[in-house]
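Engineer: One structure coming up, written as structure tokens, with questions to follow.
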Amino acid sequence: EDQVTQSPEALRLQEGESSSLNCSYTVSGLRGLFWYRQDPGKGPEFLFTLYSAGEEKEKERLKATLTKKESFLHITAPKPEDSATYLCAVQHNDYKLSFGAGTTVTVRA
Amino acid sequence: KAGVTQTPRYLIKTRGQQVTLSCSPISGHRSVSWYQQTPGQGLQFLFEYFSETQRNKGNFPGRFSGRQFSNSRSEMNVSTLELGDSALYLCASQQSSGNTIYFGEGSWLTVV
């Protein structure tokens, strides 16, 4: 069965304390893996798209990587404004998009 | 470039009523998909349309339906509303398969 699992569920960090979020997936066919950031009461904001194992993308303090079984979102020297829920999603060959439950990150000053 | 626009942003309906939500995709995007987000179930896929054709649908009852018009704008309809339909309904658009999927801000539906 196709599945997307994110860990941990919640992450509390001190400002400047780097960490990583995990997204593991089992899908029969992958068109792309997406990372989003969602703030309370808002729609998901696009961060990255990854298409093939070995691919990496960076944006400010965030870096996403992809292997055949999982993706990581690395947060380097986070700031309080990085506090949000980070969602991972995979698009299947049949165009369906499956989301993980998300990781809620809280960064304390 | 305008983003994905959803209307209305907030609405309150009574059990048994029906509701129609609207989504205008990013200009040039031909794929529109819909999702339901609740605290307990997270983001769940409802259906996806491309060039007015439904290509896939999630595991939701037939009360949930949608359509896409020739200008790529989309609507979703929920009939015979139940309390459990209270959720944030999100629309997303994609230019073509594999490209970035962008989301709107969502429509908050409360069923009382």
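Read-outs throughout are calculated quantities, based only on the coordinates presented, and are distinct from any laboratory measurement. Because the structure is predicted, anything quoted here is derived from the model rather than measured. Every residue, glycine among them, receives a Cβ derived from its backbone with ideal geometry; neighbour counts consider all protein chains shown.
Engineer: To the nearest 20 debye, what is the magnitude of the charge dipole of chain B about its Cα centre, counting +1 on the Cβ of each Lys and Arg and -1 on the Cβ of each Asp and Glu?
Structural biologist: Working: 10 positive and 6 negative charges, 25 e Å.
Here the size comes out at about 120 debye.
Engineer: Where in region B:49-64 is the amide nitrogen less than 15 Å from a point lying 7 Å along the Cα-to-Cβ axis of B:Leu11?
Structural biologist: Zone members listed by number: B:64.
Engineer: Still on this model: In debye, nearest 20, what is the charge dipole magnitude of chain A about its Cα centre with +1 on Lys and Arg Cβ and -1 on Asp and Glu Cβ, if you could check?
Structural biologist: 60
Engineer: Another one. Using a cut-off of 10 Å between beta-carbons, work out the net charge of the residues near B:Phe47 (Lys and Arg +1, Asp and Glu -1, B:Phe47 not included). Before the final figure, lay out each step's value.
Structural biologist: Numbers: positive: A:Lys96, B:Arg55, B:Lys57, B:Arg67; negative: B:Glu48.
The answer is +3.
Engineer: May I pose another question? Calculate how many DSSP beta bridges within the protein assembly as shown are antiparallel, expressed in % of all such bridges and rounded to the nearest 5.
Structural biologist: Numbers: 77 of 86 bridges.
Taking every DSSP beta bridge with both residues in the protein assembly as shown, the antiparallel ones total about 90 percent.
Engineer: OK, next. I'd like the mean, over residues of B:38-46, of how many other protein chain beta carbons sit within 10 Å of each residue's own Cβ.
Structural biologist: 3
Engineer: May I pose another question? Say R0 is 25 Å: what FRET efficiency, to the nearest 0.05, do A:Ser24 and A:Glu56 get from their beta-carbon distance?
Structural biologist: For A:Ser24 and A:Glu56, the calculated efficiency is 0.90.
Engineer: Could you work out Rg/(2.2 N^0.38 Å) for chain A, with Rg from alpha carbons only?
Structural biologist: That ratio works out to 1.02.
Engineer: Something else about it: Report the label-to-label distance for A:Lys69 and A:Thr104 in nanometres (one decimal), using points 7 Å from each Cα along the Cα→Cβ vector.
Structural biologist: With each label placed 7 Å out from Cα toward Cβ, I get 2.9 nm.
Engineer: Here's something else I'd like to know. Amide H of A:Glu55 versus every other amide H placed in the peptide plane: which residues, excluding those fewer than 5 positions away on the same chain, fall under 5 Å?
Structural biologist: A:Leu66
Engineer: Could you give each residue of region B:58-74 its phi-based ³J(HN,Hα) in whole Hz, using Karplus coefficients 6.51, -1.76, 1.60 with θ = phi - 60°, and x for Gly or Pro?
Structural biologist: Working through the residues one at a time gives x, 8, 10, x, x, 5, 9, 9, x, 7, 10, 9, 5, 8, 6, 4, 9 Hz.
Engineer: Over 24 Å between C-alpha atoms is what I'm after, so list which of A:Lys57/A:Lys79; A:Lys57/B:Lys57; A:Lys68/A:Lys96 land there. Spell out each step's value before the answer.
Structural biologist: Numbers: A:Lys57/A:Lys79 20 Å; A:Lys57/B:Lys57 30 Å; A:Lys68/A:Lys96 19 Å.
Beyond 24 Å between Cα atoms: A:Lys57/B:Lys57.
Engineer: Along region A:7-13, what does the Karplus equation 6.51 cos²θ - 1.76 cosθ + 1.60 (θ = phi - 60°) give for ³J(HN,Hα), rounded to whole Hz, x for Gly and Pro?
Structural biologist: 8, x, 5, 9, 9, 10, 10
Engineer: OK, next. What ranking of B:Ile12, B:Ile101 emerges when the number of other C-beta atoms within 10 Å of each C-beta is taken as an exposure proxy, fewest first?
Structural biologist: On the way: B:Ile12 11, B:Ile101 22.
In order of increasing Cβ crowding within 10 Å: B:Ile12, B:Ile101.
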